[in-house]
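Only one structure is covered here, and it is reproduced in the block below.
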Amino acid sequence: MADIPDLGFGLGLRTDHYEEILESRPRVGWFEALSENYLVAGGKPLHYLDRIRADYPMVLHGVSLSIGSTDPLDRGYLKALKALAGRVEPAWVSDHLCWTGVSGKNLHDLFPLPYTEAAINHVAARVREVQDFLGRQILLENVSSYVSFRQSDMEEWDFLAEIAKRADCLILLDVNNVYVSAFNHGYDAQAYIEGIPVDRVRQLHLAGHSNCGSHIIDTHDAPIIDPVWDLYATTVKRFGNVATMIERDDNIPPLTDLVDELDQARRIAASIPTAESVAA
Ligand SMILES: [Fe+2]
């Protein structure tokens with residue numbers, strides 16, 4: 001499969017910013033479009049997607065693959081996703097390491113899996129099937145979680161790493177999700193970062209969240225907090241300057257605010273001596 005480029009610093013493509021992007025051509029290296037918003041033929045979303053794609057590289061990010069479910073893969077969804085990828089020609093396509101429903105019911109949430117050998121076998125086989133169908137490697141993202149399974153007999157990062165290896169897929173490492181889940185489950189976020197194989201990570205996510213004291217909810221409705229920036233610095237140190245983007249899904253500010261926030265990621269990444277820069 002073809003080598004995947006490093007895109008630099010990007011933003012999530014949001015409806016609120018369509019016009020502003022076209023008018024102001026912001027200092028953004030690329031956009032991440034939510035696949036599900038563009039699966040219906042025709043209409044305004046595809047119109048804007050095509051126009052913005054003409055000016056910027058893009059990646060597709062989905063929430064409906066439900067790779068961990070025991071339901072059969074949704075062939076209709078995969079077919080539509082493949083057609084969209086043919087239209088957009090994204091640098092890559094990603095979704096989440098989770099399940100979103102079972103018995104034909106979509107619960108519209110990203111649920112964690114039990115971290116077991118059986119789940120690794122199940123998910124890895126399905127990822128291979130998806131990759132064969134789409135004709136490309138996919139990226140799987142670590143989700144934020146609030147509950148865990150008693151059956152789990154390994155760490156989440158080992159589970160993710162093993163699936164990536166057996167399925168020969170790539171990883172979208174969400175730094176905020178690592179922070180959120182580490183807080184909620186009481187594990188060490190640094191250990192998570194160190195447990196992920198360097199050669200599998202092609203993209204990073206950053207986002208804000210809501211701290212409720214006893215737990216954190218992954219709301220994507222606020223600026224990124226300093227401890228997540230610190231964890232991002234640690235991440236860049238390990239993985240190098242991997243394509244990085246900010247997700248904002250609620251309480252969406254003007255585009256210029258997000259471009260400024262993205263500058264902070266640029267500054268941090270530029271200040272970190274990576275394994276690559278030290279070697280060069
Ligand atoms: Fe994310």
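No value in this document is a laboratory result; all are computed from the given coordinates. It should be emphasised that the depicted structure is a prediction, and the values quoted were computed from it without experimental measurement. With ideal geometry, Cβ positions are generated from the backbone for all residues, glycine too; neighbour counts draw on all protein chains shown.
Residues that are surrounded by fewer than 16 Cβ atoms within 10 Å (Cβ to Cβ) and without any contact (Cβ under 8 Å) to a residue 24 or more places away in the chain: does segment 167-186 have at least one? Full working, then the answer.
Step one: list which residues in segment 167-186 are surrounded by fewer than 16 Cβ atoms within 10 Å (Cβ to Cβ), which gives 168, 185-186.
With without any contact (Cβ under 8 Å) to a residue 24 or more places away in the chain added as a condition, the list becomes 186.
The answer is yes, given that some residue of segment 167-186 is surrounded by fewer than 16 Cβ atoms within 10 Å (Cβ to Cβ) and without any contact (Cβ under 8 Å) to a residue 24 or more places away in the chain.
Mind listing whichever residues of segment 235-276 are surrounded by fewer than 16 Cβ atoms within 10 Å (Cβ to Cβ) and acidic (Asp, Glu)?
Asp249, Asp250, Asp257, Asp260, Asp263, Glu276
When segment 91-143 is examined, which residues are found to be within 16 Å of the ligand (Cβ to nearest atom), closer than 25 Å to Trp30 by Cα and in a loop (DSSP other than H, G, I, E, B)?
Trp92, Leu97, Asn142, Val143
Under 7 Å by Cβ, and 6 or more places apart or on different chains, what pairs join a residue from segment 110-128 that is within 13 Å of Ala161 (Cα to Cα) with one that is of a type in the set (Val, Ile, Thr)?
Ile120/Ile163; Val123/Ile67; Val123/Ile163; Ala124/Ile163
Restricting to segment 29-84, name every residue that is within 16 Å of the ligand (Cβ to nearest atom), closer than 30 Å to Thr116 by Cβ and out of contact with any strand residue (DSSP E or B) (no Cβ under 8 Å at 6 or more places or on another chain).
Glu36 - this is the single residue of segment 29-84 that is within 16 Å of the ligand (Cβ to nearest atom), closer than 30 Å to Thr116 by Cβ and out of contact with any strand residue (DSSP E or B) (no Cβ under 8 Å at 6 or more places or on another chain).
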